[in-house]
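Inspection log for the structure reproduced underneath, given as structure tokens.
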Amino acid sequence: MKPHTFTQQLTHPNNDEVLMCVEYTYSPGAREQGPSYASGGQPADPPEVEIMNCWNQATGSNMILVDNELEEISDLLIENHVDDGPDPDDARDAREDRVKGDWDFDEGEF
């Protein structure tokens, strides 16, 4: 499965006046699985983010972040992540557009 890339606006951890945009991938992790007859169980797998790109919104320039800033930003991204998933209306509309495109005709012909 191809990871989906998200973008979120945040303030810089060390400077509240700097608004930055962060492009990242999100992995939701997994809940803890209790023991069963077939398995001893699995520990919880926490959510993870991978920061792909980070830039200053005002200037558009790339930002270079140190490790502690990256950790803090990753925590903020996990806390504030919202994934609505694919919109079922978009898929329905695309199907309707394809069907309509197949049946389009010029009303002047009749």
Problem set entry | Candidate set from the range 43-58 (those that are hydrophobic (A, V, I, L, M, F, W, C) and surrounded by 14 or more Cβ atoms within 10 Å (Cβ to Cβ)); member that is nearest to Asp83 (Cα to Cα) | Val49
Seminar exercise, completed: Within the range 10-37, residues surrounded by fewer than 10 Cβ atoms within 10 Å (Cβ to Cβ) and part of a strand (DSSP E or B) come out as Asn15, Asp16, Glu17
Exercise. Name the pairs: first residue in the range 29-55 and on the phi > 0 side of the Ramachandran plot, second residue assigned to a strand (DSSP E or B), Cβ to Cβ under 6 Å, at least 6 apart or on different chains?
Worked result: Gly29/Asp45; Gly41/Gln33
Problem set entry | When residues of the range 59-73 are limited to those that are among the aliphatic types (A, V, I, L, M) and outside any loop (DSSP other than H, G, I, E, B), the one surrounded by the fewest Cβ atoms within 10 Å (Cβ to Cβ) | Leu70
Problem set entry | Unique match (being exposed (fewer than 10 other Cβ atoms within 10 Å of the Cβ), over 20 Å from the mean Cα position of the chain (by Cα), in a helix (DSSP H, G or I) and modelled with pLDDT under 85) among Gly40, Gly101 | Gly101
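The values are calculated or read from the model by the stated rules, or taken from the named source; none is laboratory data. These figures come from a predicted structure and were not determined experimentally. Ideal geometry is used to build each Cβ from the backbone, glycine not excepted, and the neighbour counts take in all protein chains shown.
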